Amino acid sequence: MKIAVEGCCHGELDKIYETIQFLEKKENTKVDLLLCCGDFQAVRNEGDMKCMAVPQKYRQMQTFYKYYSGEKQAPVLTIFIGGNHEASNYLQELPYGGWVAPNIYYLGYAGVVRYRGVRIGGMSGIFKSHDYRKGHFEQPPYTNDTMRSAYHVRNIEVFKLKQLKEPMDVFLSHDWPRGIYNYGNKKQLLRKKQFLRQEVESNVLGSPAASELLHHLQPSYWFAAHLHVKFAAFLQHQNKEQDKLPKATKFLALDKCLPHREFLQIVEVEHDPSKPERLEYDVEWLSILKATNNLLNVTSRTWNMPENNGLHSRWDYSATVQSKQEVLNDLNNDLSIPNNFRVTLPSYNPNNPQRQRVASHVVNPQTTEFCAQFGLIDINAKVCLRDDGGEFDAAQDNDDSSGSVEDPSEYSTDTSILSSSINPDEITLEEDEEDLSLQSVEPSPEYTPDLSESFSNVRDLPDSMALSSDDAMDSTNDEMERSESSQTEGEGKTPERQLKRLSDENEQGNVRIKRRNQAIYTAKDEDE
């Protein structure tokens with residue numbers, strides 16, 4: 001089965017689908033599935049755009065609304081996770097996942113589905129230690145703080161994913177797992193992105209929560225985005241079971257959707273030809289959702305997940321034979337995910353823009369039906385209820401959980417956005433406050449195998465687009481000392497060039513860095 005993997009989408013669905021169709025024609029092949037690793041930007045209208053954590057001048061209506069309204073149809077089944085530049089109010093409607101448009105499926109805060117026998121999991125958002133143990137409490141109208149915390153990973157999602165026992169084929173995250181750079185061509189990465197050097201050398205770049213999941217799940221493939229660079233790695237896991245061969249993970253991060261950038265890769269993944277060509281629920285994951293339903297927290301209070309530390313009568317919420325059978329009974333043994341997409345808000349109309357439209361907070365009927373079928377709590381509906389003056393926290397009734405504001409987080413460092421470096425290729429949010437406490441972690445031994453055969457080699461694209469080659473996956477040999485043949489315009493060729501600063505700085509002294517690539521944000525820079 002051929003899977004197209006996309007880095008940061010930034011709403012450019014037209015260009016992504018056009019690129020896939022070009023490749024299909026050029027290579028005389030067929031892409032079965034598209035996986036998108038965050039910053040998807042499912043923006044339906046002007047109100048949604050106001051819920052996206054980007055500066056005002058970057059709030060541009062891209063092309064998603066055409067697929068939401070039915071003007072266009074996604075030509076390939078698309079599965080995505082959320083990143084840190086999303087219309088959070090829309091994704092909040094689907095905490096357990098669902099269709100954001102026909103043929104475009106969101107995995108939710110965390111989720112697992114199957115397609116043609118391939119098991120695909122994912123976790124949305126980025127890691128921030130100060131929000132990690134809070135509930136999903138945010139709702140429109142967002143403040144500057146809640147607009148950002150809405151996309152921060154929570155410990156309950158990681159806890160649920162850690163209950164999984166069955167093998168995982170593919171996993172998606174927006175963040176990189178911390179330390180993954182130790183298993184790829186690190187020198188080449190730092191030639192492309194010199195500002196990463198401090199975090200890489202201190203071994204604090206990436207999400208510690210994602211790293212924990214990487215070692216627990218040990219998926220065959222792990223795809224990510226966020227840092228706007230293509231990077232491949234190969235991680236050989238330690239053997240958990242003596243009678244079985246140790247597992248290995250092929251990691252691939254990709255760039256954002258821009259001309260001459262390495263934003264898309266086609267990967268060949270083994271599938272079960274006897275399985276239907278439709279999206280299906282994962283029984284083990286649904287069992288875990290039902291088991292952890294009473295751990296729900298929709299307040300800003302911090303909360304610890306159950307552990308085997310003598311304080312909780314139950315800490316294992318993994319699926320059992322009985323719980324999986326109950327799920328099958330709920331589904332009448334039909335695992336098909338229903339095509340029950342519903343339009344919940346009006347779509348953007350370019351002939352009649354509604355610039356004064358406010359952000360809406362609604363309950364999605366997909367989630368209502370899903371929760372009714374499996375006896376789950378609709379997180380978003382409870383946030384709406386709290387909006388009306390009520391207060392809800394399912395964990396209050398759970399005597400086996402405990403939490404305290406004073407309790408330290410499981411992870412003491414915050415690397416959702418680079419802790420002390422400025423990414424000149426990322427959208428600058430001056431309001432973001434970084435946690436500058438860097439905890440030194442002993443790096444894993446360098447492992448840089450030749451991955452040139454791990455992913456498909458796709459070249460020769462139309463003039464408007466450029467796809468990745470496999471040169472970035474070469475092992476550390478003499479080739480590393482030469483300029484990479486597939487390096488693209490404006491990327492990695494002039495590292496000594498000084499960043500151009502804008503004339504104004506904020507009162508805290510944070511310097512705003514001018515973006516070198518603003519093609520996806522067509523608003524003219526006022527300072528130019």
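The values are calculated or read from the model by the stated rules, or taken from the named source; none is laboratory data. These figures come from a predicted structure and were not determined experimentally. No Cβ is skipped: glycine too gets one built from the backbone with ideal geometry, and neighbour counts run over all protein chains shown. What goes into the accessible areas is simple: the full protein's heavy atoms, side chains included, and nothing from ligands, DNA or RNA. Shrake-Rupley method; radii C 1.70, N 1.55, O 1.52, S 1.80 Å.
A compact table of results
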read-out	value
Index of the failed condition, Y65 passing every other in (1) more than 20 Å from S124 (Cα to Cα); (2) assigned to a loop (DSSP other than H, G, I, E, B); (3) of a type outside the set (A, V, I, L, M, F, W, C)	(2)
Flag for I79 being touching a residue at least 40 places away in the same chain (Cβ under 8 Å), in contact with a Leu (Cβ under 6 Å, 6 or more places away or on another chain) and closer than 20 Å to K256 by Cβ	yes
The stretch 172-223, subset within 13 Å of T249 (Cα to Cα) and hydrophobic (A, V, I, L, M, F, W, C), residue surrounded by the fewest Cβ atoms within 10 Å (Cβ to Cβ)	L217
Some residue of the stretch 23-41 being at pLDDT below 95, over 25 Å from P141 (Cα atoms) and among the β-branched types (V, I, T)	yes
Residue that is surrounded by the most Cβ atoms within 10 Å (Cβ to Cβ), among those in the stretch 19-55 that are free of Cβ contacts under 8 Å to residues at least 40 places away in the same chain and part of a helix (DSSP H, G or I)	M49
Candidate set from the stretch 331-362 (those that are within 29 Å of the chain's Cα centre (by Cα), without any contact (Cβ under 8 Å) to a residue 60 or more places away in the chain and closer than 23 Å to G375 by Cα); member that is surrounded by the most Cβ atoms within 10 Å (Cβ to Cβ)	L331
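Table: residues versus (1) in a loop (DSSP other than H, G, I, E, B); (2) of a type in the set (G, A, S); (3) in contact with a His (Cβ under 8 Å, 6 or more places away or on another chain); (4) open to solvent by 50 Å² or more (accessible area, probe 1.4 Å).
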| residue | (1), (2), (3), (4) |
| --- | --- |
| H260 | yes, no, no, yes |
| V267 | no, no, no, no |
| D272 | yes, no, no, yes |
| E284 | no, no, no, no |
| S287 | no, yes, no, no |
| R301 | yes, no, no, yes |
